[in-house]
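One structure is given here, and the rest of the page talks about it.
Just so you know, all these numbers are worked out from the coordinates, no wet-lab data involved. Just so we're clear, the structure is a prediction, and the values are computed from it rather than from any experiment. Here the Cβ is made from the backbone with ideal geometry for all residues, glycine too, and neighbour counts use every protein chain on show.
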Amino acid sequence: MVKKVLTIAGSDSLSGGGLQDDLATFATEGLAAFSVITGIALIKEGEVRVEALSSALLKEQLASVDQVDQFDAIKVGMLQSVEQVVIVSDYLKNYIGPVVVDPVLSFKEGELSLEPGMVDAYVNYLLPLATIMTPNVKEGMALLETTEKPRSKTTALTFAKALCQRGRCSLYLKVGNPVNDEEYLDLFFDENGHRSAFRHHAVTTTNGHGSGCTLSAALTAQLAKGENLHDAAMKAADFTQKAIENGYSLSAGLPEGNVLPNWPLLDK
Ligand SMILES: Nc1ncnc2c1ncn2[C@@H]1O[C@H](COP(=O)(O)OP(=O)(O)O)[C@@H](O)[C@H]1O
Ligand SMILES: Cc1ncc(COP(=O)(O)OP(=O)(O)O)c(N)n1
């Protein structure tokens with residue numbers, strides 16, 4: 001039986017994240033993929049501009065995908081306004097199944113201008129409906145409304161615990177490399193207080209755009225296939241690592257390129 005997954009996300013024409021990355025990851029994992037577009041990210045010369053889709057169009061797309069019997073998992077990516085957070089949360093209230101929320105509050109390519117009230121909307125409406133959220137540290141700091149960055153493994157653990165409590169869901173925190181430059185650290189906390197640390201050797205690359213979206217999409221794919229949360233997170237981390245190792249340049253004129261979510265199909 002074919003498994004079906006939905007991403008509710010923005011479009012990035014340059015495929016450095018967004019629904020392009022999600023759909024590529026889902027297809028690579030052998031899933032039938034569906035999408036609801038929240039907005040369009042326009043990235044040029046280190047600047048990010050996002051044009052949000054209207055609430056009416058967002059609702060119409062959600063009504064359209066409602067014709068599909070049952071999704072095996074849903075991923076939520078970039079949302080652009082409090083209203084979008086509320087609309088998507090209302091849709092998810094009627095969904096029974098795993099929900100992965102990637103709180104896209106910043107891009108590597110540049111800062112996003114966020115509507116006031118976005119953090120409260122995530123905390124009060126969306127995150128409590130999530131099975132797991134997948135922020136990076138910057139996004140975690142925004143959600144915790146703190147300017148203090150965790151700089152050691154111990155402070156990262158305290159930070160992750162606070163984030164998990166604030167979101168009332170499990171957590172996959174992309175910590176980065178606070179301890180040394182050779183290693184990337186991610187922390188996994190489930191709602192029952194079980195926790196794991198995933199460490200990967202740091203890949204030296206300038207082609208890393210899309211790593212966060214690939215990670216959360218791969219996690220969504222694993223959950224759709226019925227994997228438990230911990231093993232889904234571990235497999236998603238391995239999948240992303242390979243996508244980073246197979247990253248590619250967009251053009252000689254552009255200093256940074258993308259990860260390749262469809263790396264397992266390279267030799268096909
Ligand atoms: N240079 C790298 N080498 C190895 N792993 C990396 C590297 N960059 C990111 N990762 C891993 O990729 C995943 C996505 O992380 P990150 O790039 O921090 O997300 P985001 O794009 O949301 O900021 C995490 O599992 C992180 O540990
Ligand atoms: C539409 C859209 N959403 C999210 C992103 C950022 O994705 P991410 O994987 O977090 O990318 P990097 O920050 O690693 O570049 C995007 N580019 N577009």
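Taking 0.36 nm per residue of sequence separation and subtracting the Cα-Cα distance, how much length would be gained by fully extending the chain between Ala197 and Gln70, in nm to one decimal?
Numbers: separation 127, 0.36 × 127 = 45.72 nm, distance 3.26 nm.
Separation in residues times 0.36 nm, less the Cα-Cα distance, equals 42.5 nm.
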**Computed [θ] at 222 nm, deg cm²/dmol, the chain (DSSP H ≥ 4; -39,500 (n - 2.57); rounded to nearest 500)** = -10500 deg cm²/dmol
**Fill in**
Taking N as the residue count of the stretch 45-175, its alpha carbon Rg divided by 2.2 N^0.38 Å gives 1.09
**Asked** Can you put Tyr248, Tyr184 in order, fewest other beta carbons within 10 Å first?
**Response** Tyr248, Tyr184
**Request:** Would you mind working out the magnitude of the charge dipole of the chain relative to its Cα centre, with +1 at each Lys and Arg C-beta and -1 at each Asp and Glu C-beta, to the nearest 20 Debye?
**Result:** 500
**Complete:** Under the 7 Å Cα-to-Cβ spin-label approximation, Lys225 and Thr158 lie apart by a distance in nanometres of 3.9
**Item:** For q = 0.17, 0.22, 0.25, 0.28 Å⁻¹, Debye-computed log10 I/I(0) when each Cα of the stretch 123-197 counts as one equal scatterer
**Value:** -0.56, -0.93, -1.17, -1.42
**Dipole axis of the chain (+1 Lys, Arg; -1 Asp, Glu on Cβ), positive-most option in Gly193, Leu92, Met141** = Gly193
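Compute the relative contact order of the stretch 5-67 as a whole-number percentage, counting only Cα pairs closer than 8 Å that sit 6 or more residues apart in sequence.
Numbers: 91 pairs, mean separation 19.1, N = 63.
Result for the stretch 5-67 is 30 percent.
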**Request:** Using only the Cα atoms, work out Rg/Rh for the stretch 16-55, with Rh taken as the Kirkwood radius, to two decimals.
**Result:** 1.07
**Relative contact order (%) - the chain, alpha-carbon pairs under 8 angstrom, separation at least six** = 18
**Asked** Expressed as a whole percent, how much of the Cα-Cα distance distribution for the stretch 105-254 exceeds 26 Å?
**Response** 24
**Item:** Range of Cα positions in the stretch 4-265 per principal axis (Å), largest first
**Value:** 47, 45, 37
**Item:** the stretch 4-265: antiparallel DSSP beta bridges as a percent of all, rounded to 5
**Value:** 50
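Could you work out the relative contact order of the stretch 77-190, using alpha carbon pairs under 8 angstrom and six or more residues apart, expressed as a whole percent? Don't skip to the end; give the middle numbers.
On the way: 169 pairs, mean separation 27.1, N = 114.
Relative contact order comes out at 24 percent.
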**Item:** Cα lying deepest toward the dipole's positive end in the stretch 1-124, options Leu62, Leu42, Gly17, charges on Cβ
**Value:** Leu62
**Message:** Taking the alpha-carbon distance from Lys138 and a cut-off under 25 Å, which lysines remain once sequence neighbours fewer than 8 residues away in the same chain are dropped?
**Reply:** Lys44, Lys75, Lys108, Lys149, Lys153, Lys161, Lys174, Lys235, Lys242
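List the GluC sites (Glu not before Pro) in the stretch 157-262 that DSSP assigns to loop (not H, G, I, E or B) and whose Cβ has at most 15 other Cβ atoms within 10 Å. Which are they? It would help to have the intermediate numbers written out before the result.
Numbers: sites: Glu182, Glu183, Glu191, Glu227, Glu245, Glu256; in loops: Glu182, Glu191, Glu227, Glu256.
Loop-located and lightly packed - Glu182, Glu191.
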**Asked** If we sort 259-265, 168-174 on the protection proxy, mean other Cβ atoms within 10 Å, highest first, what's the order?
**Response** 168-174, 259-265
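Would you work out the charge dipole size for the stretch 179-268 about its Cα centre, treating the Cβ of every Lys and Arg as +1 and the Cβ of every Asp and Glu as -1, and quote it to the nearest 20 debye?
Numbers: 6 positive and 12 negative charges, 54 e Å.
It works out to roughly 260 debye.
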